[in-house]
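Here the structure is laid out as structure tokens; the discussion comes afterwards.
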Amino acid sequence: MKILLLGANGQVGWELARALAPLGEVVATTRAQLDLTSEPDIRDAVRAVNPTWVVNAAAYTAVDAAESEPHAARWLNAEVPRILAEEAVRAGAWMVHYSTDYVFDGRSTRPYVERDPASPLGVYGVTKYAGDVAVHASGVPHLLLRVAWVYGTRGRNFLRTMQKLSRERELLRVVADQIGVPTWSRHIAEATALMMAQRPSVEQSGTYHLAGEGSCSWYDFAEAIVRSDPDPGARVTRIIEPIASSEYPTAAHRPSYSVLNAKRAQQVFGVQLPPWEAQLALCLVE
């Protein structure tokens, strides 16, 4: 395989650069190396590499900031995937693109499956879903992978925020009425590599959810992070208080329930992520 990876400095992209290496030649690009605001530069990059796979891990992921920067969010989340998909078709390549649980409105009472209708609540979800539609419409054979509550040891994410705050504050107040599945970026990358390694058929092209077993609230996740602190002596937090979303207003509305059913990826590719608690434990001891 010859793989063009975009977003190689991000949480998932950094892990992908390592997970994909055994599959063939990986040309990993960061935003410093490839100007994602320039359509000609993007098209030229794909044509120069002439890949067999285009893996797009670049995205606008600042959920609240997207409300005030809708044009920037739409460009990165919808237009860039469209351009990449068109170029992948031209090259005869497959495409991997990452989507989000935030394409759903949270009204479900059971884990979302891939065929459930999208109804995003904010600009981030709307623009990500527009990217999904563009990839599907292009005709490129693809693995469109929906992920949720992504964290890792790099970048800005809930894990690192809670670790920092637990060393600064005796009291943490955390939302307890939003339910999802925390997912370690390394497991997303490894699952992606396993799916690509099987050289999928056109019949296997489509959308797949990647998530572990179980679910929790942000409050539950925070408790698990603080309780499992590898350096408990540095911790000053004594109390973690559950609060309602209404007590922590944000610019963007978030789904109250966005648990993903990942059985399709298991059935088609034999890929199954560990339960979220196990993922966290592995991440904290890496």
### Task
For segment 161-175, take each phi angle, set θ = phi - 60°, evaluate the Karplus expression 6.51 cos²θ - 1.76 cosθ + 1.60, and give the result in whole Hz per residue in order, putting x for glycine and proline.
5, 5, 4, 5, 5, 5, 9, 10, 10, 6, 10, 10, 10, 10, 4
#### Entry: Alpha-carbon Debye profile of segment 129-286, log10 I(q)/I(0) at 0.15, 0.18, 0.21 Å⁻¹
-0.87, -1.12, -1.36
### Task
Using 0.36 nm per residue of separation minus the Cα-Cα distance, give me the extension gain between Thr250 and Arg238 in nm, one decimal.
1.8 nm
### Message
Skipping prolines and chain starts, which residues have an amide H placed within reach, meaning under 5 Å, of the one on Asp105, given they are 5 or more residues away or on another chain?
### Response
Ser119
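Show me 52-65, 98-111 ranked by packing, highest mean number of other Cβ atoms within 10 Å first. It would help to have the intermediate numbers written out before the result.
Details: 52-65: 21.9, 98-111: 19.4.
Packing order, densest peptide first, comes out as 52-65, 98-111.
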### Task
Per residue of segment 130-138, in order, report the coupling 6.51 cos²θ - 1.76 cosθ + 1.60 (Karplus, θ = phi - 60°) as ³J(HN,Hα) in whole Hz, putting x for Gly and Pro.
4, x, 4, 4, 5, 5, 4, 5, 5
### Task
Determine ³J(HN,Hα), in whole Hz, for all residues of segment 181-190 in sequence, where each value follows from phi through the Karplus function 6.51 cos²θ - 1.76 cosθ + 1.60 and θ = phi - 60°; x replaces Gly and Pro.
10, x, 9, 6, 4, 5, 5, 4, 5, 5
#### Entry: Amide H contacts under 5 Å for Ile179, placed H, 5+ residues apart
Tyr257, Ser258
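Which net charge results when you count Lys and Arg as +1 and Asp and Glu as -1 among the other residues whose beta-carbon is under 9 Å from that of Met1? Display every interim value, and only then the final one.
Numbers: positive: Lys2, Arg199; negative: Glu25.
Every neighbour counted, the sum reads +1.
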### Query
Considering amide H positions built from the backbone, and no H for Pro or chain starts, which residues 5 or more places from Tyr208, or on another chain, come under 5 Å of its amide H?
Leu144, Leu145, Arg146
### Query
How would you rank 77-88, 162-173, 241-252, highest first, on the average number of other Cβ atoms within 10 Å across their residues?
77-88, 162-173, 241-252
### Signed unit charges on C-beta, dipole axis of the chain, positive-most listed residue Val133, Ser205, Ile240
Ser205
### Task
Count the DSSP beta bridges whose two residues both fall in the chain, then state the antiparallel fraction as a percent rounded to the nearest 5.
5
### Query
Most mobile of Val268, Val226, Val259 per a Gaussian network model of the chain (Cα springs, under 10 Å)?
Val268
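Just so you know, all these numbers are worked out from the coordinates, no wet-lab data involved. Owing to the predicted nature of the structure, the values given are computational and were not obtained by experimental measurement. In this analysis, Cβ positions are derived from the backbone assuming ideal geometry, glycine residues included, and neighbour counts consider all displayed protein chains.
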